[in-house]
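The values are calculated or read from the model by the stated rules, or taken from the named source; none is laboratory data. None of these values were measured; they are calculated from a predicted model. Here the Cβ is made from the backbone with ideal geometry for all residues, glycine too, and neighbour counts use every protein chain on show.
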Amino acid sequence: MQSLVSIQEIRAAAAALAGVAVRTPLMPFPGADPALLIKPESLQPTGAFKLRGAYAAMNTLPAAARERGVITHSSGNHGLAVSYAARLLGMPAIVVVPEDAAPVKVAAIRALGAEIVISAPTLAARLAATRDLAAQRGAVSIPPFDDRRVIAGQGTVGLEIAADSPGVDLVVIPVGGGGLISGVAAAVRALRPEAAIIGVEPALAADARDSLHEGHPVAWPSSATHRTIADALRVDQVGALPMRHMLELVDDIITVTEDEIRAAIGRLALEARLIAEPGGAVAVAACLFHRAELPAADTTVAVLSGGNIDPAMLLSILGAATVTVPG
């Protein structure tokens, strides 16, 4: 059984990421009571935190593996990160995307020069297509979340949170496959062990919540998870290594509604001047609309995990949004 990712692994990933990933700031959400700090990973070159894990994993590959190239499966953001990292590192990339992936993300992956392969939307179909192509092409697989190198890279988000807010006592994190919350929890627990770690999912795709509460991975059918607008969080089941991190390091996982996700996107844009995609906004939605379900805290950090939103969706949300004026 694999051990949990260590703070030493996360620090090594941080060194590799220097000059590649943006060291995103902690930005106050205007007028929030209690105070709320936002970690805007939407400011990464690829628009989401996924660059950290993808590059950290790919940077470790030897020359022979780089020549064969890499392959991954992704609903969008991880594939975009792998494509971007592949261009930086000079290697070919193949990205398996579900047929219902967000067009804005697929277009961005293609623009970076990766080969795109379309699969059925289920996680099982994506995994099968990735395995088959890896065997045919000799490409190295870069998993989106169930990989300790990837988790270590995502953990650099937590490393930065602990450094920039040493008194943080609550960190709220979106959950899809579990790589981000695993890495952040590993870093924060090592550096600020008294802080609470809370994950957030859409209520329409709450497999990680069920998994944590039942103590083992619980799968949701893709027909259920695909009801949410949060395409980045439509994962059928958390990974095995993330599950171990969640059981040992995460205090709870709560859910938010589709209307709350939309409202959080609107308020982030109009009040905090930050663009969030639906999956990226769920932690902020929890802090804005479910404060009573969260542990009491003087210093709360919410991770805004990505900003690759379809422009038409953003326009629709902003057209219906209202501004809350700080009192």
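Please specify each residue of region 17-41 satisfying the condition of being in contact with a Ser or Thr (Cβ under 8 Å, 6 or more places away or on another chain), at pLDDT 95 or above and not in a strand (DSSP E or B).
Those that are in contact with a Ser or Thr (Cβ under 8 Å, 6 or more places away or on another chain), at pLDDT 95 or above and not in a strand (DSSP E or B): Leu17, Ala21, Leu26, Glu41.
Regarding Leu191, is this residue buried (at least 21 other Cβ atoms within 10 Å of the Cβ) and modelled with pLDDT of 95 or more?
Judged against the criteria, Leu191 is not a match.
Would you check if Lys105 is outside any helix (DSSP H, G or I), surrounded by 16 or more Cβ atoms within 10 Å (Cβ to Cβ) and basic (Lys, Arg)?
Judged against the criteria, Lys105 is not a match.
For the subset of region 207-231 comprising residues that are within 23 Å of Ile317 (Cα to Cα) and assigned to a loop (DSSP other than H, G, I, E, B), which member is modelled with the lowest pLDDT?
Across region 207-231, the extreme among qualifying residues is His226.
Pick from region 44-100 the residues that are of a type in the set (Lys, Arg) and surrounded by 24 or more Cβ atoms within 10 Å (Cβ to Cβ): which of them is nearest to Ala230 (Cα to Cα)?
Ranking the candidates gives Lys50 first.
Looking only at region 111-133, count how many residues are surrounded by 15 or more Cβ atoms within 10 Å (Cβ to Cβ) and outside any loop (DSSP other than H, G, I, E, B).
Residues flagged as surrounded by 15 or more Cβ atoms within 10 Å (Cβ to Cβ) and outside any loop (DSSP other than H, G, I, E, B) within region 111-133 amount to 12.
Taking region 212-250 as the region of interest, how many residues are surrounded by fewer than 16 Cβ atoms within 10 Å (Cβ to Cβ) and over 24 Å from Ile309 (Cβ atoms)?
Residues in region 212-250 being surrounded by fewer than 16 Cβ atoms within 10 Å (Cβ to Cβ) and over 24 Å from Ile309 (Cβ atoms): 8 in total.
Here is a yes/no grid of residues against (1) surrounded by 24 or more Cβ atoms within 10 Å (Cβ to Cβ); (2) over 19 Å from Asp231 (Cα atoms); (3) in contact (Cβ under 8 Å) with a residue 40 or more places away in the chain; (4) within 22 Å of the chain's Cα centre (by Cα):
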site	(1), (2), (3), (4)
Leu270	no, yes, yes, no
Glu277	yes, no, yes, yes
Val282	yes, no, yes, yes
Cys287	yes, yes, yes, yes
Asp298	no, yes, yes, no
Val303	yes, no, yes, yes
Pro311	no, no, yes, yes
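Hey, any hits in region 85-97 for a residue that's assigned to a loop (DSSP other than H, G, I, E, B), within 28 Å of Pro311 (Cβ to Cβ) and either assigned by TED's automatic domain parsing to the domain that holds Gly280 or at pLDDT below 95 (or both)?
Within region 85-97, none of the residues are assigned to a loop (DSSP other than H, G, I, E, B), within 28 Å of Pro311 (Cβ to Cβ) and either assigned by TED's automatic domain parsing to the domain that holds Gly280 or at pLDDT below 95 (or both).
Residues to consider are Val301, Val282; find the one that is within 23 Å of Phe29 (Cα to Cα), in a helix (DSSP H, G or I) and touching a strand residue (DSSP E or B) at 6+ places or on another chain (Cβ under 9 Å).
The match here is Val282.
Does Ala162 satisfy being part of a helix (DSSP H, G or I), outside the structural domain of Pro92 (by TED's automatic domain parsing) and under 22 Å from Met1 (Cα atoms)?
Answer is no for this residue.
Go through region 134-159 and report how many residues are among the β-branched types (Val, Ile, Thr) and part of a helix (DSSP H, G or I).
Residues flagged as among the β-branched types (Val, Ile, Thr) and part of a helix (DSSP H, G or I) within region 134-159 amount to 4.
Restricting attention to region 179-235, and to residues there that are touching a residue at least 12 places away in the same chain (Cβ under 8 Å) and acidic (Asp, Glu), which single residue is farthest from Met246 (Cα to Cα)?
Ranking the candidates gives Asp231 first.
Okay, residues lined up against (1) of a type outside the set (D, E, K, R); (2) in contact with a Leu (Cβ under 8 Å, 6 or more places away or on another chain); (3) farther than 19 Å from Thr46 by Cα:
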{"residue": "Asn77", "(1), (2), (3)": "yes, no, no"}
{"residue": "Ile94", "(1), (2), (3)": "yes, yes, no"}
{"residue": "Ile116", "(1), (2), (3)": "yes, no, no"}
{"residue": "Arg189", "(1), (2), (3)": "no, yes, yes"}
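Only one of these is at pLDDT below 95 and closer than 24 Å to Gln154 by Cα: Arg234, Arg244. Name it.
The match here is Arg234.
Look through region 242-259, keep the residues that are among the hydrophobic types (A, V, I, L, M, F, W, C) and outside any strand (DSSP E or B), and return whichever of them is farthest from His213 (Cα to Cα).
Leu249
Based on this model, can you work out whether Gly177 counts as surrounded by 24 or more Cβ atoms within 10 Å (Cβ to Cβ), part of a loop (DSSP other than H, G, I, E, B) and assigned by TED's automatic domain parsing to the domain that holds Pro295?
When the stated conditions are applied, Gly177 passes them.
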